[in-house]
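Here the structure comes first, spelled out in structure tokens, and everything after it is commentary.
The values are calculated or read from the model by the stated rules, or taken from the named source; none is laboratory data. Only a predicted model underlies this, so the values are computations on that prediction, with no experimental measurement involved. Because the Cβ atoms are built from the backbone with ideal geometry, glycine has one as well, and the counts that use them run over all protein chains shown.
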Ligand code: ADP
Ligand code: MG
């Protein structure tokens, strides 16, 4: 390939891409790229920020290699230059705007102070979406608009949305931001309709600089509200005000009007996936650190291997482990993790265990009647197996403590907690009891 043709190759690549992707995508990602020069080695491209580079390489590497020379197997020979940010020219109305401190108070925005970019652990499943969120936070209204983040439950969508809010609050106090859940928006609308103050609400939303809206899936099947949301949306977008939306599904899978779906696809749609093992370990260690809990790497690995679908559950595991270790004044070990977190672990479908299964297993193991376990006798040979049954019920059932307690002949939930604590403690030192319990568990779950 001749050096002098590399700039043509780049143009051909752009033509090819223009055919291939939507005009919004082209506008967003390819228009800002400029060819600085072309040499024998390849091309030098100027991009406005690292996100554009990442985007290009993660989505179009193969096509780039088809059009341009390669510097290594599968690596297109491109040198990227990040162009300097142009100082932003402020519109006169923005210059005179007073810092609206009241509006911007954290409290009013209801942002969780821990949900910051700094506390958001990066991995292959969320790197791209985090970069996009940072891009939006750094240049609201000027990079991807709207930014639409979608992904399963507990994967960090709300966390990223709050992070954008925090960043903008800190870096540009003049901007009017609102963070709202879709439920909150609908409630607001209902209240203003009732109070005949819809104009006031419209004014509020349409004067925002940044609207962060969480869980848009709750707008499905709510026709009356959808229209007002769509109008707000359009009004903001047309003024280049930033909108960020989260959802459990991509726009195309939402049961919303075609008009709104198309609007939401205007900017960048980014998916947040389930984190891989390494990232889960890093998240666990970060959360443990925040709680002041020391957790050996081996144990973090052990937990991360068993909880893999949901970051919220990883956090729940740390909370539970931390509470347990504090209460029992113990160091975190693999055994303790297994004991305290066993029922959070995802090991494929398990047999549904019932209180009856537990009672009958304990009854035969300790040679007492089920009716005695359910009864009130305080005789040690009955009371102790009863406590073990309660311990097992708390460990193996996902039922509430109240429900467990009432299955034991109407005991209170504090009786169950007392039994659980007592047996948990004894298990630590009594090897025979530990084996008995392990056997009972196997027997019940078989
Ligand atoms: P979603 O809104 O997607 O259901 P959240 O944003 O509420 O999920 O996240 C659930 C919990 O998991 C939060 O406490 C959040 O801090 C945490 N979390 C999720 N992803 C990460 C991550 N990558 N790094 C650190 N914490 C995370
Ligand atoms: Mg959420």
Residue that is farthest from residue 48 (Cα to Cα), among those in segment 125-143 that are part of a loop (DSSP other than H, G, I, E, B) and at pLDDT 90 or above:
125
Selection within segment 202-247 - within 16 Å of ligand 1 (Cβ to nearest atom) and closer than 22 Å to residue 175 by Cα:
212, 213, 214, 244, 245, 246
For segment 147-181, which positions are within 13 Å of ligand 2 (Cβ to nearest atom) and assigned to a loop (DSSP other than H, G, I, E, B)?
151, 152, 153, 154, 155, 156
Consider segment 175-197. How many of its residues are surrounded by 14 or more Cβ atoms within 10 Å (Cβ to Cβ) and farther than 16 Å from residue 212 by Cα?
3
Among the residues of segment 182-226, write down those that are within 29 Å of residue 142 (Cβ to Cβ) and not in a helix (DSSP H, G or I).
207, 208, 209, 210, 211, 212, 213, 214, 215
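Table: residues versus (1) under 18 Å from residue 441 (Cα atoms); (2) surrounded by fewer than 16 Cβ atoms within 10 Å (Cβ to Cβ); (3) out of contact with any strand residue (DSSP E or B) (no Cβ under 9 Å at 6 or more places or on another chain).
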residue: 365; (1), (2), (3): yes, no, yes
residue: 380; (1), (2), (3): no, yes, yes
residue: 391; (1), (2), (3): yes, no, yes
residue: 398; (1), (2), (3): yes, yes, yes
residue: 412; (1), (2), (3): no, yes, yes
Out of all the residues in segment 189-215, which are touching a strand residue (DSSP E or B) at 6+ places or on another chain (Cβ under 6 Å) and in contact (Cβ under 8 Å) with a residue 60 or more places away in the chain?
210
Is it the case, given these coordinates, that residue 218 is within 25 Å of the chain's Cα centre (by Cα), surrounded by fewer than 20 Cβ atoms within 10 Å (Cβ to Cβ) and assigned by TED's automatic domain parsing to the domain that holds residue 145?
yes
Of the conditions (1) modelled with pLDDT of 95 or more; (2) farther than 17 Å from residue 117 by Cβ, residue 244 satisfies every one except a single condition; which number is it?
(2)
Are any of the residues in segment 247-266 touching a helix residue (DSSP H, G or I) at 6+ places or on another chain (Cβ under 6 Å), over 30 Å from residue 323 (Cβ atoms) and assigned to a strand (DSSP E or B)?
yes
